[in-house]
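Worksheet for the structure shown next.
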Amino acid sequence: MNDQPQRYVLGIAYQAGPDPRIQRGADGGRDFFSEDELEKAAWGFLQKGAQVGLFHGPEESIGAATVVESYIWRAEPWDLGNGTVVRKGDWLIGAILDEPAWQLYKSGRVTGWSPQGSARRITNRSS
């Protein structure tokens with residue numbers, strides 16, 4: 001039996017739709033992805049090589065995790081019991097962390113996924 005930890009983590013990479021807990025973001029907006037757009041982003045992440053780094057850089061941290069699962073949740077809500085509920089359309093990522101990233105995770109310094117990319121903001125205007 002291997003006593004080494006798997007160093008596996010699973011979490012929500014991005015939530016589909018607006019977060020009901022957030023009325024206004026720090027930048028004054030309230031940005032979110034529709035389920036369809038989030039699915040496209042998740043697929044694009046895999047198509048582009050599923051690179052994972054730490055803290056949005058530096059480039060030397062690329063490879064801190066190897067993505068082994070990436071999927072859109074398509075089932076009933078899943079209550080994780082810690083205040084987090086995975087809902088239909090949410091994007092989940094599971095990965096094996098390298099040893100330095102695993103130590104950051106165990107210490108509480110790494111607590112989740114934060115995809116970086118670009119988007120175009122669409123403003124809804126009332127008629």
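With respect to (1) at pLDDT below 90; (2) over 13 Å from Ile93 (Cα atoms); (3) open to solvent by 30 Å² or more (accessible area, probe 1.4 Å), the lone exception for Ala41 is condition (2). Only residues that are part of a helix (DSSP H, G or I) and not charged (D, E, K, R) were counted across segment 40-55, and they come to 7.
Taking the criterion of being within 27 Å of Gly17 (Cα to Cα) and either open to solvent by 80 Å² or more (accessible area, probe 1.4 Å) or part of a helix (DSSP H, G or I) (or both), the residues of segment 74-104 that qualify are Arg74, Glu76, Pro77, Trp78, Asp79, Asn82, Arg87, Lys88. Scanning segment 48-65 for residues that are exposed (fewer than 14 other Cβ atoms within 10 Å of the Cβ), over 14 Å from Ser114 (Cβ atoms) and not basic (Lys, Arg) yields a total of 6.
Name the pairs: first residue in segment 62-73 and touching a residue at least 60 places away in the same chain (Cβ under 8 Å) and farther than 11 Å from Ile93 by Cα, second residue β-branched (Val, Ile, Thr) and assigned to a loop (DSSP other than H, G, I, E, B), Cβ to Cβ under 9 Å, at least 6 apart or on different chains? Listed by first residue and then by second, the contacts come to nothing, as the list is empty.
The values are calculated or read from the model by the stated rules, or taken from the named source; none is laboratory data. Just so you know, these numbers come straight off a predicted model, no measurement behind them. Reconstructed Cβ throughout: ideal geometry from the backbone, glycine too, with neighbour counts over all protein chains shown. Areas reflect the complete protein model, heavy atoms only, side chains present, ligands, DNA and RNA absent. Shrake-Rupley method; radii C 1.70, N 1.55, O 1.52, S 1.80 Å.
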